[in-house]
Amino acid sequence: MGKGGEDYGSRETINSKSDEDRDIFPAWAKDVEECEKHYQVNRRSGINSGDVGRRRRIYGLNELEKHEGPSIWSLMLDQFNGTLDRTLLAAAVISFVLAWCNGEEGGEMEITAFVEPLVIFLMLIINAIVGVWQENNAEKALEALKEIQSEHATVIRDGNKIHKLPAKELLPGDIVELKVGDKVPADMRVVELVCSTLRVEQGSLTGESEAVNKNTKVVPPDADIQGKKCILFAGTTVVNGNCVCLVTQIGMETEIGKGHKQIYAASQSEEDTPLKKKLNEFGEVLTMITGVVCVLVWLINLEYFLNWEYVNGWPWNFRFSFEKCTYYFEIGVALAVAAIPEGLPAVITTCLALGTLKMAQKNALVRKLPSVETLGCTTVICSDKTGTLTTSQMAVIKLVAMGGTVNKLRSFKVDGTTYNPYDGYIHDWNPGQLDANLQMIAKIAAVCNDAGIAQSDHKFFSHGMPTEAALKVLVEKMGLPAGFSDASAITGDDILRCCCKWNEYEKRIATLEFDHDRKSMGVIVNSRSGKKSLLVKVFLLSLLPQR
């Protein structure tokens, strides 16, 4: 058993700490030895299995809280929060009650009397169904945001490496190994770099448009998220390098968990949109006016259902007609219903629903229908991170190679804008006719490359840097040279068949990861011929003119 189990197994330091004490431990401002001491673990052996149960009782599972969404009935009731909707509903109920009381059973008058309230009810129900459908779909889509969390992790416990441990079982103090393409399953302190450069894409959390370098160096205690260079945050992705980390925070105590809390808190205190405020004001004014008109009409006809005689100067012998009273009350209600635009809520809901569909076609999620109107009122959108407004996807559009002589260049146009190798082709390209220069380009793009391509639901996405993924897609479009050994063996389901074949032919034995300072990546390979080669990929983006 490692040091984590022998030296610290009997202590209860963690158990004695409160939640607030755990939250404020600045792992980014402490060196690796201090972090190991605080979390009672050794990086070589990890925590021991006997300590897992105790830590689980203290910290719980590594997962975000599942807030129960609103029920269908609550969503339905929310659709009648507007003053205009409530006024229409009240008018329809009163009209329905009067029709029920005064209609002749089985006669034509009874059916006619129910037409008006039924039409109003129908309009309100359609309006509510559209709103509930939209909000229910948005709630399901928001649940999909939890997929940003990793599902598995490679963990060291009892000195043994556990592959694909469910990420929800991670605990503070766990030692986790990460490599290119892995999603970070929890907030972690980098304790060891297995390579020269470690870069992480954390734009989903901080808004940074480029991957950031990470290291093991201590930073000031008051550093912001971007300044915590030795911390990997849950939900981010490793795009370059390998490392060993120590889990510091899990679940709702991670940075992404704090964001989850803020989103939920914001959803509980939503404000009315400008359109809803105006509709409520309109509904209040309309309700007041129609109410006054109804009362005046009823009072004007008071003498028809209530009269009396004067005896000795005092009113006497009152006569009241309930039938005439309800008749004139129906007239007042009819005037109120006629003054209220029953179709207005339905028209507004229809327009907003069409706007929501338009937004959905642009991959924009709108949770509530009135939010579309708020977006429509927006005239200026300010952003200081323009890179995050892109699709984070790249594609090769032109291939340039040397020709038969030194001063001659060839240019090939490349179609396709996705990571699908079958999306587009290379113009003026002869399949299989790859000369030495083109073969070298394909070899370097395939072997000096850490990215990968995966497919899910007919969509292709990348693991690693988008630039490297685009180069691998280019290799697939280039194909293999004629006479390439075992070329027929590439017919399979692998998306990157040509890249895999190049990697089989040129075995990588050493890697010098990409660095922003030297702007290059290099690998040493051992080919089947027995020769060793140095393949270098250089990025010259800094030479492009600024726009």
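Nothing in this text is a laboratory measurement; each read-out follows from the coordinates by a stated rule. Computed from a prediction, not measured in an experiment: that's the story for all the values here. Here the Cβ positions follow ideal geometry from the backbone for every residue, glycine too, while neighbour counts run over all protein chains shown.
Key figures
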quantity	calculated
Test item: Cα-centred dipole of the range 410-485, Lys/Arg +1 and Asp/Glu -1 on Cβ, debye	100 debye
Scattering curve values for the range 400-458, log₁₀ I(q)/I(0), Debye with Cα scatterers, q = 0.21 Å⁻¹	-1.05
Ranked packing of 180-189, 287-296, 121-130, most packed first, by mean Cβ within 10 Å	180-189, 121-130, 287-296
Label-reachable residues, the range 444-485, where backbone N falls under 11 Å from a point 7 Å from E504's Cα toward its Cβ	485
Chain lengthening between E34 and K413 when straightened (0.36 nm per residue, less Cα-Cα)	130.9 nm
Gain upon complete extension [S533, F282; 0.36 nm per residue less C-alpha separation]	82.6 nm
Distance (nanometres) between label positions extended 7 Å along Cα→Cβ at S456 and V406	5.0 nm
Check: the range 206-358 dipole with +1 on Lys, Arg Cβ and -1 on Asp, Glu Cβ, in debye	620 debye
Selection from G257, P220, V191 lying farthest towards where the dipole of the range 184-270 points positive, charges on Cβ	V191
Ordering of 307-320, 37-50, 231-244, 81-94 by packing [mean C-beta count within 10 Å, highest first]	231-244, 37-50, 81-94, 307-320
Calculated FRET efficiency for the pair I126/N312, C-beta based, R₀ 56 Å, to 0.05	0.35
Peptides ranked, highest mean first, by Cβ atoms within 10 Å: ranges 190-202, 520-532, 466-478	466-478, 190-202, 520-532
When each of K477/K507; K258/K519; K261/K362; K277/K459; K214/K362 is checked by Cα-Cα distance, pairs over 30 Å	K258/K519; K277/K459; K214/K362
